[in-house]
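The values are calculated or read from the model by the stated rules, or taken from the named source; none is laboratory data. What you see is a predicted model, and the numbers here were worked out from it, not measured in a lab. Quick reminder, even Gly has a Cβ in these numbers, built from the backbone with ideal geometry, and neighbours come from all protein chains shown. SASA here: full protein model, heavy atoms, side chains in, ligands and nucleic acids out. Shrake-Rupley method; radii C 1.70, N 1.55, O 1.52, S 1.80 Å.
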Amino acid sequence: MRTSFAPMEGITLYCYRNAHHRIFEEGIDVYYTPFLSIYKHHSIKKRDIREILPENNSEQGIRIIPQIMANDADEIIWALGELHSRGYDEINLNMGCPVGTVVSKHKGSGMLEDPERLDVLFAEVFNDKITRDIKFSVKTRLGLVNPHEFEDILPVLNKYPFSSVIIHPRVRT
Ligand SMILES: Cc1cc2nc3c(=O)[nH]c(=O)nc-3n(C[C@H](O)[C@H](O)[C@H](O)COP(=O)(O)O)c2cc1C
């Protein structure tokens, strides 16, 4: 069994994760960072960079999976390459954030409103050779307002070799 530490924006920051790992030692197999915002011009917010710097994640034996927030294949491919070059071996995509300003930009759970667009997006991402070098996983909700939306989302996710699909079994609302 794998025990994962869920991300919480503004709460489970590197100091929290390090303190948790120091106290509970072997209790957690992997810690997810809260989402790092990926910008269109290929950069990560300065505040978010602190979450992935090696010196902030150097507790003995701590395993970190950075989570990203992006909805564009080019941005995701860039982020996979950037984080791979920084030594990470898996990246998780946030498809669950319910916050209005995020959803209105079709990010987080806002990505779930159009499964056909998701299909096009993941086809492009998995067509890039970077996905052979680094694992790519998603954390998703069941849908925006109705859990039956997942009946159209799951077949799309099943088409692609995600290293894992984490389901937060609620809808956005
Ligand atoms: C304040 C807060 C911030 C969160 N931030 C993130 C986040 O950055 N990324 C993410 O995938 N989930 C985030 N979550 C969701 C949690 O990781 C977790 O999946 C969720 O809280 C568990 O389900 P529940 O709170 O609906 O019972 C956040 C949740 C809370 C309460």
Counting sequence-distant residues (5 or more places) and residues on other chains, those with an amide H built under 5 Å from that of Tyr32 are Phe5, Ile65
Quick calc, the chain, dipole around Cα centre from Cβ unit charges on Lys, Arg (+) and Asp, Glu (-), nearest 20 debye, gives 420
Under 8 Å for C-alpha pairs, at least 6 residues apart: give me the relative contact order for region 21-173, rounded to a whole percent. 20
When the Kirkwood hydrodynamic radius is evaluated over all pairs of different C-alpha atoms of the chain, what value in angstrom, to one decimal, is obtained? 16.4
Summing -39500 (n - 2.57) over every DSSP H run of at least 4 in the chain, dividing by its residue total and rounding to the nearest 500, the 222 nm mean residue ellipticity is -9000 deg cm²/dmol
Stretch Arg2-Asn158 to full length: gain in nm at 0.36 nm per residue minus the Cα-Cα span? 54.0 nm
Which one, Ser4, Ser43, Leu80, is farthest towards the positive end of the dipole of region 4-171 when Lys and Arg carry +1 and Asp and Glu -1 on their Cβ? Ser43
Given a 1.4 Å probe, the accessible area of region 4-171 per residue, as a whole number of Å², is 51
What does the highest-first list of 49-56, 93-100 look like by mean Cβ count within 10 Å? 93-100, 49-56
Give a residue-ordered list of calculated ³J(HN,Hα) values for region 69-86 (Karplus: 6.51 cos²θ - 1.76 cosθ + 1.60, θ = phi - 60°; whole Hz; x for Gly, Pro). 10, 6, 9, 10, 4, 4, 5, 5, 4, 4, 5, 4, x, 4, 6, 5, 5, 8
Suppose every K and R has +1 on its Cβ and every D and E has -1 on its Cβ; what is the size of the dipole of region 1-85 about the Cα centre, in Debye to the nearest 20? 180
With 0.36 nm assigned to each residue of separation and the Cα-Cα distance removed, Tyr39 to Val145 gains 35.4 nm
Computed over region 1-106, the relative contact order (Cα-Cα under 8 Å, seq sep at least six) in percent reads 25
Separation in nanometres of the label points that stand 7 Å from Cα toward Cβ, at Ser137 and Ser85: 2.5
